[in-house]
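Step one of this worksheet: look at the structure below.
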Amino acid sequence: MNRIPILKLGHLLLVSIQVDMHDRMALALQEDLAERISQTGARGVLIDISGLEFIDSFIGRMLSDIAGIARVLDAETVVVGMRPVVAITLVDLGLTLPGVRTALTVERGMAMLPPPTADEDLGDDEEAEDAGGR
Amino acid sequence: MRRRRTLAADEGLPLRNDEDVVRARHRVRELAQHAGLRLVDQTKFVTAVSELARNTIIHGGGGRLHAGLLQDGARQGVYARFEDDGPGIPDIQMALTDGFSTGTGLGLGFGGARRLVNEFEAKPNPTGGTIVRVATWR
């Protein structure tokens, strides 16, 4: 099964969903992301959904759950890049994405997340970083 | 009463697992584009189909999707018909109520899907299970 890649961008994690996910793939992303937050100590997660042509209730719930899981792991989540037609459809469908913060662009989303702290600049969690990252 | 024609009837797409839901989305996206639906209506239709296809699998125990084009004079549209193998829905009106769910709490049930399409019909299948049919016009 294909997995959605999770990139470490400084003190943040970045996920860009570019494919039409089936349900197990969405659940795998949830698990992978929880694991990476815990591993890296990331304080912020950016999820770029500009590649998604629609959001149904399953994907909507997955996004809400990711935000909830991240919060419990002391990280904030911002979902960015929602297409206008997707927003219209979501509202008609009756999905409210509880607990999910959204921003129009990656830049605005990054501004909503916590800045790097001094100890993160020292990279004290780099040892936990997987070797493939560098 | 205008006469409607149903075009491009197909052999149907099985709905058994979550990859079939993805196939269903792609199939109706193509049809919706072919029917000339506006992007927002395409998106709504595909989203409704995604919800209903998942319903068919989770609550209906699997089934089939038949989808095709509609023609009404110069007007074109697209339809999708879901036939499940399940026990049938005891109270279809109740199932259309927002927030109603029999299962895992996944999905928004029929209510959400109904708001995304022009036509929505749910009825018992004479051979068992439920038939749900949706359509959207250009």
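The values are calculated or read from the model by the stated rules, or taken from the named source; none is laboratory data. In this text, all values refer to a predicted model and were calculated from it rather than measured experimentally. Positions of Cβ are backbone-derived with ideal geometry, glycine not excepted, and every protein chain shown enters the neighbour counts. Remember, those area values only see protein heavy atoms, side chains included, never the ligands or the DNA or RNA. Shrake-Rupley method; radii C 1.70, N 1.55, O 1.52, S 1.80 Å.
Shown are B:115, A:43, whose ranking by accessible area with a 1.4 Å probe and every protein chain present, most to least, is B:115, A:43. Remark: mean inter-chain Cβ contacts per residue of A:50-59 equal 6, using a 10 Å Cβ-Cβ cutoff to other protein chain atoms. Phi angles of region A:66-77 translate, via the Karplus equation with coefficients 6.51, -1.76, 1.60 and θ = phi - 60°, into HN-Hα couplings of 4, 4, x, 4, 4, 4, 5, 8, 6, 10, 9, 10 Hz per residue; Gly and Pro are given as x.
Exposure check, 1.4 Å probe, all protein chains in place: residue B:117 carries approximately 20 Å² of accessible surface.
On the beta carbon distance between residue A:117 and residue A:24, with R0 = 41 Å, the FRET formula returns roughly 0.70.
Report the calculated FRET efficiency for residue A:65 and residue B:33 (r = Cβ-Cβ distance, R0 = 41 Å), to the nearest 0.05.
Values: r = 32 Å, r/R0 = 0.77.
Working from the Cβ atoms, E equals 0.85.
Remark: spin-label model distance residue B:138-residue B:119 equals 1.7 nm, labels positioned 7 Å along the Cα→Cβ axis. Measuring with a 1.4 angstrom probe and ignoring ligands and nucleic acids, residue A:50 comes out at about 50 Å² accessible. Note on A:30-38: average number of Cβ atoms from other chains within 10 Å of each residue's Cβ is 0. The modelled label-to-label distance between residue A:50 and residue B:40, using points 7 Å beyond Cα along the C-beta direction, is 2.2 nm. With a cap of 12 neighbouring Cβ atoms within 10 Å, and only residues DSSP puts in a loop, list the trypsin sites (Lys or Arg not before Pro) found in region B:5-85. Of the trypsin sites (Lys or Arg not before Pro), the ones in loops of region B:5-85 whose Cβ has at most 12 other Cβ atoms within 10 Å are B:38.
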